[in-house]
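Novice: Here's a structure for you.
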Amino acid sequence: MIKTIEGQDRLWRWIGNAVLVVLVAWTLLPFYWMFATSLKKHKEIYGMGTTLWPRDPTLESYRILFFETDYMLFFANSMKTAMSTTAVTVVVASLAAYAIARLDFPGRSLIARGMVYTYLVPQSLLFIPLFTILVAVGLDNSLTGLSIAYMGFTIPFCTWLLMGYFMSIPVELEEAALVDGCSRLGVLVRIILPISLPALAVIAFFSFTLAWNEYLYAVVFNSNPSVRTIPTGLNDFITEDVFFWGPIMGSTVLTVIPPLIVYFIFQRWLVTGLTMGAVKG
């Protein structure tokens, strides 16, 4: 009987491992195809007979990207937008979340609920009024206006996420610091934030990836080519019904690198933050 149960457990482990292998392959296959296509020559991409690996690998697509297109300008614009959105979101969300979690003031619960409701509003319902506001204040066709628009989504969600994390921290730590003469801001900076590094890594990664990948606001708010980001700038690689797949795939390969770097840098804190948020949030 024991051997039968062990055999069944072993069988289910093999089945689970096989499913995981299939899912991993399914996830990595698009990335491999992008990279392989970026190394192919134009005639091979459009020629008869698809190959899993280029017959004659070349970096021509990357040369075109760097020297014959505005991809590096789009890359710089995306980086500026993502970094500024992330930095402001982390600061504002930390201050707002701590105030809601620890301070007692009128309208506290209403503001907390409003954070969630604001994040739940679809982007497609807000881009017209937001565009009108940006035009009125002269921030259309600017990276600053685009970053401010992104913060309308990142700050409410990140504040709500940090609220739950801050509430899980024992209040006795703060009371001891306050007794020793530390201010509220000092408690936040010296005690709460160092303890909350996993949660800060989660909201930083969320803000960065949202601002890096967002398309709708970028295409609506910025029509000037000089302030285009990568998602909207890739349209330049499409001429009528002709798709320049080599440069397109090369640009996508380069585009996924910054989020991956951010993830690997904060991987340890990201895993911890997501896990603790699931348990204590």
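Novice: Which angle from 0 to 90°, rounded to the nearest 10, does the C-alpha axis of helix 197-213 make with the longest principal axis of the chain?
Specialist: 40
Novice: Mind putting a number on the dipole of the chain about its Cα centre? Charges go on the C-beta only, +1 for Lys and Arg and -1 for Asp and Glu, and I need it in Debye to the nearest 20.
Specialist: Dipole of the chain, to the nearest 20 debye: 520 debye.
Novice: Give me a comma-separated list of calculated 3J(HN,Hα) values for region 53-62, in order, Karplus coefficients 6.51, -1.76, 1.60 applied at θ = phi - 60°, integers in Hz, x for any Gly or Pro.
Specialist: 9, x, 5, 10, x, 8, 9, 4, 4, 6
Novice: Follow-up question, since we're still on this one. Kindly write out, for region 164-172 in residue order, the coupling ³J(HN,Hα) from the Karplus curve 6.51 cos²θ - 1.76 cosθ + 1.60 (θ = phi - 60°), rounded to whole Hz, with x marking Gly and Pro.
Specialist: The phi angles translate into x, 6, 5, 5, 7, 7, x, 5, 4 Hz.
Novice: Enumerate the calculated ³J(HN,Hα) couplings along region 126-141 in order (Karplus 6.51 cos²θ - 1.76 cosθ + 1.60, θ = phi - 60°), each rounded to whole Hz, writing x wherever the residue is Gly or Pro.
Specialist: Each residue of region 126-141 in turn: 10, 5, 6, x, 5, 4, 4, 5, 5, 5, 5, 9, x, 10, 6, 6 Hz.
Novice: Based on the Cα gyration tensor of region 17-144, what are the three equivalent ellipsoid semi-axes, each the root of five times an eigenvalue, rounded to whole Å and given largest first? Write down the numbers at each step before the final one.
Specialist: Values: eigenvalues 394, 116, 43 Å².
Ellipsoid semi-axes (Å, largest first): 44, 24, 15.
Novice: Where does region 68-280 land on Rg(C-alpha)/(2.2 N^0.38 Å)?
Specialist: Expressed relative to 2.2 N^0.38 Å, the Cα Rg reads 1.17.
Read-outs: derived from the displayed coordinates by stated rules, not from any lab. The structure presented is a predicted model; accordingly, all values stated were derived computationally and were not measured. Heads up, the Cβs are rebuilt from the backbone with ideal geometry, glycines too, and the neighbour counts pull from every protein chain shown.
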